[in-house]
Each structure stands twice: as C-alpha cells, then as structure tokens.
Amino acid sequence: MIYGYCRISTPKQSIERQVRNILAVYPSAKIVKETYTGTKFQGRKALEKILKRVKANDTIVFDSVSRMSRTADEGFKLYQELFEKNINLVFLKEHYIDTDTYRETLNNQLSMTGTEVDVILEGINKYLLLLAKKQIEIAFEQAEKEVQDLQQRTKEGIETARRAGKQIGQKKGAVFTVKKAVYAKRKILEHNKTFGGSLNDKETQELAGISRNSLYLYKRELKEDNHLEKPNYIPSYAVELSLYTGMRVGELSGLKWEDIDTEHGIMVIRHSEKYDRKTNEHYVSLPKNGKIRQFPLSPEIEDVLTRVKKVELKNGWLSEFVFSNANGRVHARIISECMRRKTSGTGFTNTKCIHASRRTVNSEFARVGMPATVRASLLGNTEKVNEQYYTYDVSEMDYKKNIICEVNKETKAM
C-alpha cells in the first residue's frame, strides 16, 4: 500500500501542489490530507491513522521532510521506528534520505578480508553508517531551522511595521459584513412570522442555518433597518450583490442585463459609472484600468438578480441597467449612501463602505484557500495591490494561539 501524506498549516494555504507532486510519481497513492499547525507529529490525526494502519513493505510518500516533522529529534526518532518496521519512506524533495537509500548504505558494507586491513575496513563501514545517519538528522534539523527563521522574520516584520506607524491587525471597532448574515436576514424576512411569514423562530433558525442568538440579533437589526424592510428599494440589492462579488460601486451602477450570461453561468464586468466634475455629469465607460473581467454566477448571485428584476418589472422600472428605479439608473453615490446607512452604528468604521466590502470578499476568498492570482483576477486588481490593500486578517483565534504558544515557549527557554 502506498500512502501520500499532504499537510498544510492553515486553511488559507493550498494543498493541491503537494497532491499533484505525489500523484505525478505515485499515481496509485492513497492521498491523505491534513490541516495542522505545529512542529510535532503527535496530534496530527490523519498522520496518526496512517501510522496505525501501515504495515511492513508499505510506503509513505511526503512532498518534503518538513511535512513529516519540523523538529529534528522527533523526526529522526519516527524515521528510525518506521525504518525498523520495514516501512518505506519517500521524500520527493530529499530523495537522499529515503529509507531505500539508507537501507542500501547498510547493505553495501565493505567485505572483510581476514587480514590486518579489516581494522581499517571496519572503521570505514562505521563511518559510512554514521554519515548516512547524519544526513537524515541534518535534513530534519534544516526543516526545524526554517520554522525558527520564519518565526523570527515574522516578529521582525511586525515590529518594523509597528514602528513605521502601520496598523497591525484589525482596527478596534471594525466589523465584517458577512455573506451568511445577508442570506440569513433574507430568509428571516421571507419566512419568519414577525415579518409576515409562516415560520416560527425555531423553524426559521433551522432554515437559515444560524444559532438562536444570531436569529434574535438579525431580527433586531432588521426591525431597525428600514431599507431591508422595503423590497422596492433597489440600492439594497446592489449592496447585497457587492457582498457576494466584491464589485466596485461604479461597476454595480454600470452593470447591464446584457452582461449577465445565465447560459454559461458568468457575469461580464465591462461597464462602470464615471463622473465628470467639469460637466457635472455621470457616464458609463470601461471599468477601472480598462480591465474587463468575468465573474461566476453562484446561486446567491442569480437569486439577487432574479429578485431585483421582479421588482423592476412590477414597478415598470426595468431598463438596460440591472439597478434602475423610477429615476432611471441608480448612481454609484446612492449605492454608497445605502451601504453607509445600513452599517451606521454597527462599528463598521470605513467610510468607503463598498470598498471595505471588496476587502471583506477578498479576505473570505483567501480564508477558504483561493489562490492569490485568482482572487486578484475576480476583483480586477493586480496581485500585488490585492494582497497589500484588499486583505483583512481572517485567521482563526486557535491558529493564532498555536503560533503564540510556540513563540512564547521558545522565548521562555532563552
């Protein structure tokens, strides 16, 4: 049996590279994936399951030695235990410490001659064994050093940024507008008895997939939010779409029905509202930097578009633009103002609210592991700008705690 073990430290990272590398050499390998941060192999449930199941002559493939262990002592100890059980270990980036290589060194001992020369030959054999063992130890030591260097660079980088006056982490009082909250509030409005629906609180809670506390919080916010209680208020739909797509406010205003391709499941973002200060006029042109891009239509996005079209048809507002009301196309300024009113009093401090929603969408995409290049393409930014200006810290507290514990442990030992 051949096992391919792949590990990443956080869900924000991509594990596919490791999977691809292993399957390229061992197509029949059973891939086992794990997300775990830390230097020890104990506690890695997926790896522990492999170690319990693996038998003599089985093979475990790692993309690199750091995927097995990042502490030299424990890594070499585990290596020896598996080697003695006749289990093959393969490291794609460090083939020189594969168990086959080590085993070959043990078998290729110099033969004794029965003469005084045997004293020298015996010394050479012992040296070769020590050399092979040392190579394995060095490989694990290097993996451990990489972790220590990364932690040190991170601490130095944070201190440098702090001294330069940069904000470290999320600003106090700032909050995210979460897509799940938008979806849950809509379900509450449509189905809860408080808003004219047929479901009680428990049934609504199950339908929306939220906790009881979240249900009461959203109901209270909905009662205070006049716009969400007015289904004819078109800017609300534009704001909702921004939370799903991260579109710029001008792109929301300039979006046309011809840009919606339901047959192929995509939305082409090729229009954006601009404002001419000299003539005091609004006009529609290409998006920022002239970049036309495509965005996949999720069920949530299609639902927003269906609902807004239904309202516009009912009221006779339907035009070439997706967001239109009795006054024609809804301008970007109106959409921004709608977002500001919706978030007032919530601690959402960024005055450029649609811009902040772009950062939220990008950060959520990063949290689930979407590659940086793909995120930048979907939002219409360069990769550098996207990472520098459009990313919040959305890592889980447990992840941060594990890192802090490791660093503090090292600090105490100094």
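Summary of values
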item: Under-5 Å amide H pairs with Lys30, H placed in peptide plane, nonlocal only; result: Ile2, Tyr3, Gly4
item: Highest to lowest packing among 14-22, 58-66, 235-243, 157-165, scored as the average C-beta count within 10 Å; result: 235-243, 58-66, 14-22, 157-165
item: Projected label distance in nm at Asn57 and Thr373, using a 7 Å step from Cα toward the beta-carbon; result: 4.3
item: Spin-label pair Met1/Gln142, simplified geometry with 7 Å Cα→Cβ offset, distance in nm; result: 3.1
item: Relative packing of peptides 252-259, 25-32 - highest average C-beta neighbours within 10 Å first; result: 252-259, 25-32
item: Cross-link table Lys185/Lys314; Lys256/Lys291; Lys12/Lys145; Lys85/Lys134; Lys85/Lys145; Lys145/Lys409, entries beyond 18 Å C-alpha to C-alpha; result: Lys185/Lys314; Lys12/Lys145; Lys85/Lys134; Lys85/Lys145
item: Phi to ³J(HN,Hα) by Karplus 6.51 cos²θ - 1.76 cosθ + 1.60 over the range 47-55, Hz, x for Gly, Pro; result: 5, 4, 5, 4, 5, 6, 8, 5, 10
item: Distance-filtered residues of the range 276-299 - backbone nitrogen under 19 Å, label point 7 angstrom along Lys309 Cα→Cβ; result: 295-299
item: Entries of Lys33/Lys384; Lys45/Lys166; Lys155/Lys384 with Cα pairs more than 27 Å apart; result: Lys33/Lys384; Lys45/Lys166
item: Two-site FRET efficiency, Ala46 against Asp73, from Cβ-Cβ distance with R₀ of 22 Å, rounded to 0.05; result: 0.50
item: Thr382-Glu320 pseudo-label distance in nm [points 7 Å out on the Cα-to-Cβ vector]; result: 3.3
item: Those residues of the range 82-103 whose amide nitrogen sits under 19 Å from the label point placed on Ser64, 7 Å along Cα→Cβ; result: 90-99
item: Filter on Lys52/Lys77; Lys180/Lys219; Lys180/Lys288; Lys219/Lys309 - keep pairs with C-alpha separation over 18 Å; result: Lys180/Lys288; Lys219/Lys309
item: Cβ charges +1 (Lys, Arg) and -1 (Asp, Glu), total dipole of the range 225-392, debye; result: 600
item: Selection from Gly265, Thr245, Asn381, by position along the positive dipole direction of the range 225-392 (Cβ); result: Asn381
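Each value in this text was obtained by applying a stated rule to the coordinates, not by laboratory testing. Just so we're clear, the structure is a prediction, and the values are computed from it rather than from any experiment. In this analysis, Cβ positions are derived from the backbone assuming ideal geometry, glycine residues included, and neighbour counts consider all displayed protein chains.
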